[in-house]
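All remarks here apply to the structure that follows.
Read-outs: derived from the displayed coordinates by stated rules, not from any lab. Computed from a predicted model, the values in this text were never measured in an experiment. No Cβ is skipped: glycine too gets one built from the backbone with ideal geometry, and neighbour counts run over all protein chains shown.
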Amino acid sequence: MVTMRRIALAALVGFLSGCASAVFLILLGQTTLLFQSHTWLLYILPASGALIAWVYQRFGQRAAGGNNLIFEQIHEPQAQGVPLRMMPLVFGATLLTHLGGGSAGREGTAVQMGGSIAGALARWLGLTASDTRMVLMAGVSAGFGSIFGTPLAGMVFGMEVLTVGGIRYRSLIPCLVAAFVGDWTVQLLHVSHLHYHVFNVPAITPGLVVQLVLAGLAFAGASVLFSEGTHWVSHITSRFIPKAVWRAIVGGFVVMAVTWGIGSYDYNGLSLPLLQQAFVPNGVVWWGFLLKIMLTVLTLGFGFKGGEVTPLFVIGATLGSSLALIFQLPADFMAALGFIAVFAAAANTPLASIVMAVELFGGGPLVSIAITTLVAYGASGHRGIFLAQRVMHPKSDEQSLEIHEIPLHELRQREIGFWRSKITHWRNGKSE
């Protein structure tokens, strides 16, 4: 039963998270404008990375776990909990990443700020494990809903992101309250969000459904390329450059070199102008999504801080705009499909993504977005950007039916091993 005490706690978490998100959005906007006006700031990226790595190494401790630490604490609350220091650390580190032109997002910062605020309240008030789990989920919902102006999606995200194939409905009301209070707080502080419009929505026909399925498979591929690329770069760089400070310095120079190779600053930072261009016919080059994947994978893989969701929006929208040329469909329609589907597949949150689609684009393209999103989610396998997620129900019948809330990274390794064995068997068969 949801008590007034829990509702009050959720509202408090939402208010504090909304304040943090509002301040962050204001400073992030100013930081982005500063970089766009002075692109020579790209030269400070290696130094920014070194500072971020040193500060996290010196003061971060458990806070370095980021979103995954919050998810782990929700699964199994511990006395240490989520440290409050996570909030100022990720706040400053994300701004430094964007100041130097790193390609990253903002939702990771908002979720971590909401989680750290909730974790601090849980310790100060001596909450039980059950109440701690509730306020942490409320913090995640408040952070996500307030940073994008999508409170309903924030509510569902806070419940859905924890497990693949399951939703924790026990915290539904607290997540709802926190997400709406967080969003209202941002609005009261006069912080606006970017708006998108889809004017052209084709009628549902059998031919369109086939195109939607094919698009969903393409969006799934983009999400896997992004998530696996980020994990792979992080693994390789940690292996060959074990010291975080030097790893960030090298990463800064790599991002600089790639930016010069691209010959454009459109793919640095949030890339919101690029995102808007994707909704216009012929607004982006067809390979733009690959450039955004590459620059973001390198930025995050080398240890810079920021979220993944906004880059995923950009990747999906630009890929969708490119597919619009192939399928002869409206650019704004396909951009909206990619915007939602790539994020859903990478975050393993199809329901939150579909709800977000309604809040951002209205109900017009809902059926098409739902089809594409569910295809992308199913086809992406057990991959994702949040390895601390637990798998309640596998996505395919081929997986063991005995699986119950095992970590996503474990099932991911099983799946990778399965396909490696298949490839090895196929090669051996051909050699014979």
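Report, in debye and to the nearest 20, how large the dipole of the stretch 11-160 comes out about its Cα centre when Lys and Arg carry +1 and Asp and Glu carry -1 on their Cβ. Walk me through the numbers on the way to the answer.
Values: 6 positive and 5 negative charges, 66 e Å.
Here the size comes out at about 320 debye.
Lysine pairs in the chain with Cα distance under 24 Å, only those 8 or more apart or on different chains: how many are there?
Numbers: LYS243/LYS305; LYS292/LYS305; LYS395/LYS422; LYS422/LYS430.
Final tally of qualifying lysine pairs is 4.
Measuring r between the beta carbons of TRP54 and ILE7 and using R0 = 51 Å, the FRET efficiency lands at 0.75. Ordered by the count of other Cβ atoms within 10 Å of each Cβ, fewest first, LYS292, LYS395, LYS243, LYS305 give LYS243, LYS395, LYS305, LYS292.
Descending by average beta-carbon neighbour count within 10 Å, the peptides 275-283, 51-59, 108-116 line up as 108-116, 275-283, 51-59, the highest first.
Across the stretch 301-399, the relative contact order, built from alpha-carbon pairs under 8 Å that are at least six residues apart, equals 23 percent.
Selection among LEU176, GLY221, SER234 by position relative to the dipole of the chain gives SER234 as farthest towards the positive end (Cβ unit charges, Cα centre). The distance separating the Cα centre of the stretch 8-86 from that of the stretch 277-327 comes to 23 Å. The stretch 329-381 and the stretch 114-133 have Cα centres separated by 33 Å. Span-like helix criteria (full DSSP H runs; alpha carbon extent of at least 18 Å along the helix axis; mean Kyte-Doolittle hydropathy of at least 1.6) are satisfied in the chain by 244-262, 288-301, 309-327, 331-347, 366-379. If you sort the three axes of the alpha carbon gyration tensor as a ≥ b ≥ c, you get a/c of 1.5 or more for the stretch 45-166 and a/b no higher than b/c, which makes it oblate. Does the chain come out rounded, prolate or oblate, given a ≥ b ≥ c as the square roots of the eigenvalues of its C-alpha gyration tensor, rounded meaning a/c under 1.5 and, failing that, prolate meaning a/b above b/c? It is rounded, given that a/c, with a ≥ b ≥ c, falls under 1.5. Helical content of the chain, expressed as a calculated mean residue ellipticity at 222 nm, amounts to -23000 deg cm²/dmol (DSSP H runs of 4 or more residues, -39,500 (n - 2.57) each, divided by residue number, nearest 500).
If R₀ is 41 angstrom, what is the calculated FRET efficiency for the pair SER130 and ILE204, using the beta carbon separation as r and rounding to 0.05?
Efficiency computed from Cβ-Cβ geometry: 0.40.
Across the stretch 176-334, Cα pairs under 8 Å and at least six residues apart give a relative contact order of 30 percent.
For the chain, what does the relative contact order come out to in percent, with C-alpha contacts under 8 Å and a separation of six or more? Kindly include the intermediate steps, with their values, before the conclusion.
Values: 864 pairs, mean separation 87.7, N = 432.
20 percent.
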